[in-house]
């Protein structure tokens, strides 16, 4: 259970964190810290099991016949990333406790933070391709919330939207590529896929799968041409930047490249796409970083450059280059996280991140200055620091590939040296521009050292940079070897981690890069101090933000053009287009497939049943006709058609369906009736000359033809299915297994809560989303002016209310609705007991959570009808959003409980304990799932009811003209 606990812990912590009050900063920090520490301890405990190529694996049945089990898999490489995610996450939590202001909504921050940690752990530990895609998109979604945390800041909103648009679009491409990859491998199990690299590379679909997967990886890791989103994500709080851009989100792309290296690497396509993207990103990011005036902007572009370095190494098709890439992933996470936190300390204590305003901070902040200078030196690749060793390995691989690889020249070594020169230059700018010179006197705040524990994470990370740089083999040699075997397996090459390899080409490249970087900075120092911050020279025309916004604007204009062409505010043209599209989508495959009818013998026609359906058809046709002239009549006729359907279910001995249909009809008819109250009156438009005679008749004939075609098409399709012999094995299976495996004799309910429980879970989720959507839309809805006036009966009653027009003063039970209102109030406990009765018997007799929820909703609707909105809500503590959330969580945790005991998701169990006095009591776990359904149905229906009912309150509080006319 170690792996599942590692993923579930942060998500549980996220839910708990969201419940704390806004001023509980210390409690939030302790909670997030303890969760991160527990996850870190679990990760460390797993290390012995993943050494020497070991793999920890947990598998939970989901769709085993489709190869879709939920698989968690930890090898050495996944362990390394888990260590970075939890270790640096813990340090960022400690740092954030002192960085975040007491005025910030800290519970929301730590809730999002822990959710992102769980999503990243889920990504690196996924053992199934579909899981990888799921957690990949989840990281994009939660990072959107983190980047836009300060949503009052327009830059934060824009940066979050840009990051989500780019990374989520890449995620969709990745999903398509993973589907193709699983098809090529014959399985979506990651272990199976990794074992079939040769067959995959020779497959005809290798190239499209490679391109789609690389689009996902390159967008996530901000590689050219998708690098523009990452600098704009710096609008997030610095703890978010330190976490997302050092060890987690942007590393997800290179994680994916390394994870699929044994499968996809080794081809010319891989080399040219990955290495060229990495090389361009390495140079562009390093060059642009020199000219940034914002500290976080400088670090953002340096992150882009170092990610390009890792991508370039993985694209070289060399096992030693892959080793160097994995090593640099470790080193970059340590020095970049410490630098982001140091930049946050500078901003926190001085009030600015503008390098042109900062100087001499080593006098006021000597400890922070020392730490930041060491971390910057590691980023520049100075000897005795960890960045130097991985940079030397990078130089060595560029020399080798430059001699024997596809790129047989000095392009790679030359570009690598130039990029390293730029790295030295921007690192020097960070050090010299901020910490040396006279102490700045015009800062927004008086600079001083931060609190001791705010500096502690930076101290620990800088210490790691020093230790790894001085004794690399002793400090991280075993960890690196474990991670490398997790990626390369038996292809792991021999390599050594040491400071000295003699005088060779990589060392000469390092010396030249250090000297050249110092010269570049000295030559450009005056220009950088006077630069306006408009961007690096030669690249100012290539503004990624402007290109992105132009593309989004173009897409919006295209969408508006399509909307103008096909859209309409009138419902009838919209329905015409929808029905025509559905007809076309159904007709093409049916025509190509040449659908034929089956040969099942017809049952004799029962006159009573035929009369029943004639009545239903008359109601349906009448409703369609009356919809144009009389809405109430159309609604009544629609209810009649629904009642005929209900009687049909009874005729065919389907009491569960009949109960559901009946309660659905009652609830929907009442809710629609309440909605009709607020629609504008239907007025016949004045006929224009072009709209008379033949034109109007032609439209009616057209609409009639479309309706007949759709109806006949559906009827023909239904007949084609019903006239074929259905396999008896399915129905027999459910009948035979309902009691033994589902714990109930009501086959329909057992199917809904057990055999097809996942479908039901999806359906109630959709129902909850629909209810929330209706509520959100109606909050902004304003009734038509002519519908605001009070109906005649209520107007008479309100004359006697001294404080009219306040609706709180009126109780309908004392006015014109006295008798029916009293009866409706008395019916509430009776209907509630009836709902409980149908709920409790649902597993063995017709009923269940859905039907019981609708019955309970009817009881609440009656109270609104009897007493009015304000009267009911003053006496009934209704929280439908909480009901929806509780129902969904209860249903979901029921499914997770099955996983906990090693069964497929939402598999029910039926223990029968013997209790004193009561005897044997059946306790099916499906009861909890059905309770979740009940709560969600009641909550969704009540939320829609409240949204409609509040129109009364809102409508009678507006339009002063209506207030003055109450005596008329």
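The values are calculated or read from the model by the stated rules, or taken from the named source; none is laboratory data. Owing to the predicted nature of the structure, the values given are computational and were not obtained by experimental measurement. Here the Cβ positions follow ideal geometry from the backbone for every residue, glycine too, while neighbour counts run over all protein chains shown.
To keep it simple, each residue is scored yes or no on (1) farther than 30 Å from residue 56 by Cβ; (2) in contact with a helix residue (DSSP H, G or I) (Cβ under 8 Å, 6 or more places away or on another chain).
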residue: 99; (1), (2): yes, yes
residue: 104; (1), (2): yes, no
residue: 107; (1), (2): yes, yes
residue: 111; (1), (2): no, yes
residue: 123; (1), (2): no, yes
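For residue 515, only one of the following conditions fails: (1) surrounded by fewer than 13 Cβ atoms within 10 Å (Cβ to Cβ); (2) assigned to a helix (DSSP H, G or I); (3) not assigned by TED's automatic domain parsing to the domain that holds residue 334. What is its number?
(3)
Only one of (1) crowded, with 24+ Cβ neighbours inside 10 Å; (2) assigned to a helix (DSSP H, G or I); (3) under 24 Å from the mean Cα position of the chain (by Cα) fails for residue 223. Which number is that?
Checking residue 223 against (1) crowded, with 24+ Cβ neighbours inside 10 Å; (2) assigned to a helix (DSSP H, G or I); (3) under 24 Å from the mean Cα position of the chain (by Cα), the one that fails is (2).
Residue by residue, here is whether (1) within 20 Å of residue 704 (Cα to Cα); (2) under 32 Å from the mean Cα position of the chain (by Cα); (3) in contact (Cβ under 8 Å) with a residue 60 or more places away in the chain; (4) assigned to a helix (DSSP H, G or I) holds:
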| position | (1), (2), (3), (4) |
| --- | --- |
| 548 | no, yes, yes, yes |
| 559 | no, yes, no, yes |
| 563 | no, yes, no, yes |
| 573 | yes, no, no, yes |
| 576 | yes, no, yes, yes |
| 580 | yes, no, yes, yes |
| 583 | yes, no, yes, yes |
| 591 | no, no, no, yes |
| 601 | no, no, no, no |
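Can you give me the number of residues within segment 327-356 that are more than 20 Å from residue 453 (Cβ to Cβ) and in a helix (DSSP H, G or I)?
Within segment 327-356, residues that are more than 20 Å from residue 453 (Cβ to Cβ) and in a helix (DSSP H, G or I) number 9.
For residue 274, all conditions in the list (1) buried (at least 22 other Cβ atoms within 10 Å of the Cβ); (2) not in a helix (DSSP H, G or I) hold save one; what is the number of the exception?
The failed condition is (2).
Looking at (1) buried (at least 16 other Cβ atoms within 10 Å of the Cβ); (2) without any contact (Cβ under 8 Å) to a residue 60 or more places away in the chain, which one does residue 5 not meet, given that it meets all the others?
(1)
(1) in contact with a helix residue (DSSP H, G or I) (Cβ under 6 Å, 6 or more places away or on another chain); (2) outside any helix (DSSP H, G or I); (3) within 30 Å of residue 701 (Cβ to Cβ): which one isn't true of residue 569, the others all being true?
Only one criterion is unmet by residue 569, namely (1).
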